[in-house]
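The values are calculated or read from the model by the stated rules, or taken from the named source; none is laboratory data. Keep in mind that what you see is a predicted model, and the values were worked out from it rather than measured. Counting neighbours? That spans all protein chains shown, and the Cβs are built from the backbone with ideal geometry, glycine included. Please note that ligands, DNA and RNA were not included when accessible areas were found on the heavy atoms of the full protein model with its side chains. Shrake-Rupley method; radii C 1.70, N 1.55, O 1.52, S 1.80 Å.
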Amino acid sequence: PFLIKEVFQPTRVLDLGCGPGALMHLLWELGIDVDGIDFAQSSKELATLQVRDRITVGQVADTTLKPDKAYDLVVCREVLEHLTVLQVRQAVANMTRMTSKYIYVTTRFHPNPASLLDFTTQFDVDPSHITLLNKDMLRLLFVLEGCRSRPDLETRMDWGHKGRVLILEKAGR
């Protein structure tokens, strides 16, 4: 959370796929206005009292949950690998719609893609990881939605050096 605050200097953050709101709570402690969306009702039930009412139960691709450009940072950590390719595309469009500035994504990528469009459904790590995209393909999906890649910020945010971070900035800023 300190790194998120330092790198992005956000005032309003949306944690898309927030689970029980652990990151939300830590950002809240740092004085950041934060909301979350998660598909599971149990996320709200397990969240701390400080962020519980800030979690909306819904799907990551639902365009009716939050207004356009409502957040200067949309965070989506370890979610996309649990979605179908179509749901990933919809989630990318939704993240781009909801941010006014930055998108911070972490996900697992295809370990050895043969082409840009290659994806895998291998279950080596977790059987709920149903789509592992080519990293460049996911980046391209964001670019097609009006974002530009920020490899300088990716390097700063990839503190674990796992190569699973994408940072996008809304174009036209």
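Numbers below:
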| read-out | value |
| --- | --- |
| Gap separating the Cα centres of segment 12-72 and segment 131-171, nearest whole Å | 21 Å |
| Extension gain (nm, one decimal) between Ser128 and Ala40, 0.36 nm per residue minus Cα-Cα | 30.2 nm |
| Candidates Pro111, Pro127, Pro151: whichever shows maximal mean-square fluctuation once the chain is modelled as a Gaussian network with Cα springs under 10 Å | Pro127 |
| Unit charges at the beta carbon, dipole of segment 36-163: most positive-side option, Thr106, Gly160, Thr96 | Thr96 |
| Hits among lysines - C-alpha to C-alpha of Lys101 under 19 Å, sequence gap 8 or more where chains match | Lys5, Lys66, Lys69, Lys170 |
| Span-rule helices in the chain, defined as complete DSSP H runs reaching 15 Å or more along the axis (Cα) with Kyte mean at least -1.0 | 85-98 |
| Karplus-derived 3J(HN,Hα), 6.51/-1.76/1.60, for each residue of segment 6-12, Hz, glycine and proline x | 5, 6, 9, 6, x, 10, 10 |
| Cα centre as origin, Lys/Arg/Asp/Glu Cβ charges: segment 52-92 dipole, Debye | 60 debye |
| For Val13, residues with placed amide H under 5 Å, excluding near neighbours | Asp33, Val34, Asp35 |
| GNM flexibility winner over the chain from His129, His110, His161 (Cα, springs under 10 Å) | His161 |
| Per-peptide average of other Cβ atoms within 10 Å, ordering 97-103, 3-9 highest first | 97-103, 3-9 |
| Residue of Gly146, Gly36, Gly21 that the Gaussian network model of the chain assigns the largest fluctuation, springs spanning Cα pairs under 10 Å | Gly146 |
| FRET E, pair Ala171, Asp68, Förster distance 22 Å, beta-carbon r, rounded to 0.05 | 0.90 |
| Kirkwood Rh and Cα Rg combined as Rg over Rh, evaluated for the chain | 0.94 |
| Inter-probe distance in nm under a simple model that places probes 7 Å from Cα toward Cβ, at Asp136 and Trp159 | 3.1 nm |
| Residues of the chain: accessible area per residue with a 1.4 Å probe, Å² | 50 Å² |
| Within the chain, helix-based [θ] at 222 nm, where runs of 4 or more DSSP H residues each add -39,500 (n - 2.57), nearest 500 | -8500 deg cm²/dmol |
